[in-house]
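Working notes, beginning with the structure itself.
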Protein chains: 2
Amino acid sequence: MRVLITGGAGFLGSHLCDRLIGMGHQVVCVDNLVTGSMDNVAHLLGHERFSFVNYNVCDYLYVEGALDAVMHFASPASPQDYLEFPIATLKVGALGTHKSLGLAKAKQARFLLASTSEVYGDPLVSPQPENYWGNVNPISPRGVYDEAKRFAEAMTMAYHRYHGLDTRIVRIFNTFGPRMRPNDGRVVSNFIVQALSGKPLTIFGTGAQTRSFCYVDDLVEGITRLLLVPSDRSPAERTDRQSFIYQSDTPAEQSIHEPINIGNPHELTVLEIARKVQDLAGTHVPLEFKPLPADDPKVRCPDIQCAKELLGWEPKISLEEGLRRTIEYFRKKLG
Amino acid sequence: MRVLITGGAGFLGSHLCDRLIGMGHQVVCVDNLVTGSMDNVAHLLGHERFSFVNYNVCDYLYVEGALDAVMHFASPASPQDYLEFPIATLKVGALGTHKSLGLAKAKQARFLLASTSEVYGDPLVSPQPENYWGNVNPISPRGVYDEAKRFAEAMTMAYHRYHGLDTRIVRIFNTFGPRMRPNDGRVVSNFIVQALSGKPLTIFGTGAQTRSFCYVDDLVEGITRLLLVPSDRSPAERTDRQSFIYQSDTPAEQSIHEPINIGNPHELTVLEIARKVQDLAGTHVPLEFKPLPADDPKVRCPDIQCAKELLGWEPKISLEEGLRRTIEYFRKKLG
């Protein structure tokens, strides 16, 4: 199988490159290195089944040769990043998704969109099942990411319904692990970097807001399963132009092409996570409280029933084990 | 003042062209005539202050000379249209908005986005104030329009916050009047065309869902006021890169640049509207009930307090008077 991954030099993208190369597939990694880093894929350069293209996927996207799958993972993905690059975030969600879908269509390849739990916004329902429509402020500063991803989902479903493209959408919940950037402002990496450098851990608000963190290896396993699970019908059967309006796919089909949550439903408060990092890092730094940013979600927890049923997937790695491995990574990186 | 209107040959766009020409302004009307029609602007061709460009605003957009305002009204806008052109609808909402904003930025022109009450989806709050975040299914077939417009709002706010562009966003509720297309599937035009041709009036569902219809002249008055109301601060004062994150504009400023509802809060059931059309058209055709389409909103009614306070605007023309004028238009058009 030959797979193109946009954002392949990012945190999640690079772990996907590793996994697919490890499984014997060919990988074309496309990244413009705005938030991605060559450090994440340096060990793959020179591998016969790996190639790297430095490119902005908002521009016309084409590669030579056959492709079996296109995975669209390019986007600034931490609040700090998409507040620094609001227009680039909107563009890669809309134009980048459109170009990636166009490439998949041209190559008759399967398409997988990296969507996000941010499409649920500040959810009024918890845990969030896939059919929850979300509670997003379209015009808040952080709305740029949420709306870009909601748009990307709508565009992906339109290509599925209208062009019969075999598409998959994963809604990724908070993830952590090696290759997070030390300074990208995410809770776990913030805490670890602060603890390892002997600084106070910054808590926004009271720390009572909850998050559920999935270790990156678990996430990559779930996404890989979603990518590889076969489609029930051939694309040709799905191109009936007349019938797509107001008509769903069959129930089984629907679940594979509609968004699927991948995340760890083990919910903790931000304060509990801070305490665990303090313990595991073995440094007794104090906590420091700062005001909560606008529209920061109060809860976030995946309902993963769909992933269990369709992909036989659930997370295996405990928060403690994941934190140990991540602290180890940052200790080497910063040391 | 020289104003460029995308979608200027559409139902609303053409009425805006008329109004601005009538006020003594220059108008550049841009339309690719997918759902717009030259019939709507034929009477303006040859006018010294009017020009027409046949163009798809998803492509690179540029015109010679100075512009004082860019109004982005291009989009398929009836459910029937955006279900027939789902990808074009997504593209004009994302790429078209981006190109139009880019043009406004290049010309240092004011930008006005035509958004929609559809950003509220199937609202759980009624009437809908501007700060209601909405209830939209991102992956339903009709989600293409809703998400395209939510994305367009997010992109517009990003240009305001990041580039200091003087932007305005109008959320347009159901509107009716002359130049609606006879066959575009909207409730009022459907009813009138059916009544005038002696066919049964089609009601989807029980007809108990409510809508509130604004006559086009009232709507155009509200939009024109929003376009012309001065900004409190100069663009230069708004380009402070450091302060835009997590920081709102001042309350007064906020209201002009954030979305404003324009619509008629007089709410009726679809059944009541059918009865009024029956009466005013003077033809005693029966009603015919059909199943409700997916995700059809059950209520839709604007809270127009903002428009009253900021623009001194409220609708003046009664539903009956508006229906009389619209029936007259269709009688001539079909006759």
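Out of region A:301-320, which residues are surrounded by 13 or more Cβ atoms within 10 Å (Cβ to Cβ) and in a helix (DSSP H, G or I)?
Listed by number, the residues that qualify are A:Gln305, A:Cys306, A:Ala307, A:Leu310, A:Leu311, A:Leu319.
Report those strands (runs of 3 or more DSSP E) wholly inside region B:1-68 carrying at least 2 residues which are touching a helix residue (DSSP H, G or I) at 6+ places or on another chain (Cβ under 6 Å).
Strands (runs of 3 or more DSSP E) meeting the threshold: B:2-6, B:26-31.
Looking at (1) farther than 21 Å from A:Gln128 by Cβ; (2) free of Cβ contacts under 8 Å to residues at least 40 places away in the same chain, find the lone condition where A:Arg324 falls short.
Among (1) farther than 21 Å from A:Gln128 by Cβ; (2) free of Cβ contacts under 8 Å to residues at least 40 places away in the same chain, A:Arg324 violates only (2).
Sort through A:Arg168, A:Arg161, A:Arg150, A:Arg186 and tell me the only one that's among the basic types (Lys, Arg) and touching a Gly at 6+ places or on another chain (Cβ under 9 Å).
Result of the check over A:Arg168, A:Arg161, A:Arg150, A:Arg186: A:Arg150.
Among the candidates A:Thr89, A:Thr97, single out the residue that is buried (at least 24 other Cβ atoms within 10 Å of the Cβ), within 14 Å of another protein chain (Cβ to nearest Cβ) and in contact with a Pro (Cβ under 7 Å, 6 or more places away or on another chain).
Result: A:Thr89 is the single residue among A:Thr89, A:Thr97 that is buried (at least 24 other Cβ atoms within 10 Å of the Cβ), within 14 Å of another protein chain (Cβ to nearest Cβ) and in contact with a Pro (Cβ under 7 Å, 6 or more places away or on another chain).
Restricting to region B:107-128, name every residue that is farther than 17 Å from A:Leu90 by Cβ and within 11 Å of chain A (Cβ to nearest Cβ).
Scanning region B:107-128 gives B:Tyr120, B:Gly121, B:Asp122, B:Leu124.
Looking at region A:72-82, which of the residues that are closer than 17 Å to A:Leu33 by Cα and not in a loop (DSSP other than H, G, I, E, B) is nearest to the chain's Cα centre (by Cα)?
Just the residues of region A:72-82 that are closer than 17 Å to A:Leu33 by Cα, to begin with: A:72-78, A:80-82.
Next cut, not in a loop (DSSP other than H, G, I, E, B) only: A:72, A:80-82.
Working: A:His72: 10, A:Gln80: 16, A:Asp81: 14, A:Tyr82: 14 Å.
Selected residue: A:His72.
Please enumerate the residues belonging to region B:37-67 that are in contact (Cβ under 8 Å) with a residue 40 or more places away in the chain and of a type in the set (Gly, Ala, Ser).
B:Ser37, B:Gly65, B:Ala66
Of the conditions (1) within 9 Å of chain B (Cβ to nearest Cβ); (2) more than 20 Å from A:Leu310 (Cβ to Cβ); (3) crowded, with 24+ Cβ neighbours inside 10 Å, A:Gly177 clears all except one; give me its number.
(1)
Looking at B:Ala158, B:Ala195, which is the one that is among the small types (Gly, Ala, Ser), within 23 Å of B:Gln80 (Cα to Cα) and either in a loop (DSSP other than H, G, I, E, B) or modelled with pLDDT of 95 or more (or both)? Before you say what the answer is, go through the steps one by one.
Details: B:Ala158 fails: within 23 Å of B:Gln80 (Cα to Cα).
Only one candidate qualifies: B:Ala195.
Looking only at region A:133-153, which residues are free of Cβ contacts under 8 Å to residues at least 24 places away in the same chain and on the phi < 0 side of the Ramachandran plot?
A:Trp133, A:Asn135, A:Val136, A:Pro138, A:Ile139 - these are the residues of region A:133-153 that are free of Cβ contacts under 8 Å to residues at least 24 places away in the same chain and on the phi < 0 side of the Ramachandran plot.
A:Leu112 passes all but one of (1) buried (at least 24 other Cβ atoms within 10 Å of the Cβ); (2) at pLDDT below 95; (3) farther than 28 Å from B:Tyr132 by Cβ; which number fails?
So A:Leu112 meets the others, but not (2).
Determine, yes or no, whether A:Glu118 is part of a loop (DSSP other than H, G, I, E, B) and under 16 Å from the mean Cα position of the chain (by Cα).
no
Residue check: is A:Gly134 crowded, with 22+ Cβ neighbours inside 10 Å, closer than 21 Å to B:Ser140 by Cα and either more than 9 Å from chain B (Cβ to nearest Cβ) or at pLDDT below 95 (or both)?
Answer is no for this residue.
Please tell me if B:Gln242 is out of contact with any Gly (no Cβ under 8 Å at 6 or more places or on another chain), farther than 23 Å from B:Leu201 by Cβ, part of a loop (DSSP other than H, G, I, E, B) and modelled with pLDDT under 95.
Yes: the conditions hold for B:Gln242.
Would you check if A:Ala104 is assigned to a helix (DSSP H, G or I), more than 8 Å from chain B (Cβ to nearest Cβ) and modelled with pLDDT of 95 or more?
Judged against the criteria, A:Ala104 is a match.
Name the residues in region A:259-295 that are of a type outside the set (Gly, Ala, Ser), surrounded by 15 or more Cβ atoms within 10 Å (Cβ to Cβ) and closer than 30 Å to B:Tyr132 by Cβ, would you?
Within region A:259-295, A:Pro259, A:Ile260, A:Asn261, A:Pro265, A:Glu267, A:Thr269, A:Val270, A:Leu292, A:Pro293, A:Asp295 qualify.
Find the residue count for region A:184-200, including only residues that are buried (at least 17 other Cβ atoms within 10 Å of the Cβ) and over 20 Å from A:Lys332 (Cα atoms).
0
So how many residues does region B:36-80 have that are crowded, with 20+ Cβ neighbours inside 10 Å and more than 28 Å from B:Leu165 (Cβ to Cβ)?
3
Could you say which residue among B:Val3, B:Val70, B:Val28 is of a type in the set (Val, Ile, Thr) and without any contact (Cβ under 8 Å) to a residue 60 or more places away in the chain?
On the way: B:Val3 fails: without any contact (Cβ under 8 Å) to a residue 60 or more places away in the chain; B:Val70 fails: without any contact (Cβ under 8 Å) to a residue 60 or more places away in the chain.
The match here is B:Val28.
Would you say A:Thr156 is buried (at least 23 other Cβ atoms within 10 Å of the Cβ), touching a Leu at 6+ places or on another chain (Cβ under 6 Å), among the β-branched types (Val, Ile, Thr) and within 12 Å of chain B (Cβ to nearest Cβ)?
Against the criterion (buried (at least 23 other Cβ atoms within 10 Å of the Cβ), touching a Leu at 6+ places or on another chain (Cβ under 6 Å), among the β-branched types (Val, Ile, Thr) and within 12 Å of chain B (Cβ to nearest Cβ)), A:Thr156 qualifies.
Taking the conditions exactly as written (closer than 29 Å to A:Tyr132 by Cα, part of a loop (DSSP other than H, G, I, E, B), acidic (Asp, Glu) and at pLDDT below 95), does B:Asp249 satisfy them or not? Quick ask: steps written out before the conclusion?
Values: closer than 29 Å to A:Tyr132 by Cα: no; part of a loop (DSSP other than H, G, I, E, B): yes; acidic (Asp, Glu): yes; at pLDDT below 95: yes.
The answer is no for B:Asp249.
The values are calculated or read from the model by the stated rules, or taken from the named source; none is laboratory data. Fair warning: this is a prediction, and the values are worked out from it, not measured in the lab. Cβ coordinates were reconstructed from backbone atoms using ideal geometry, including for glycine residues, and neighbour counts include every protein chain displayed.
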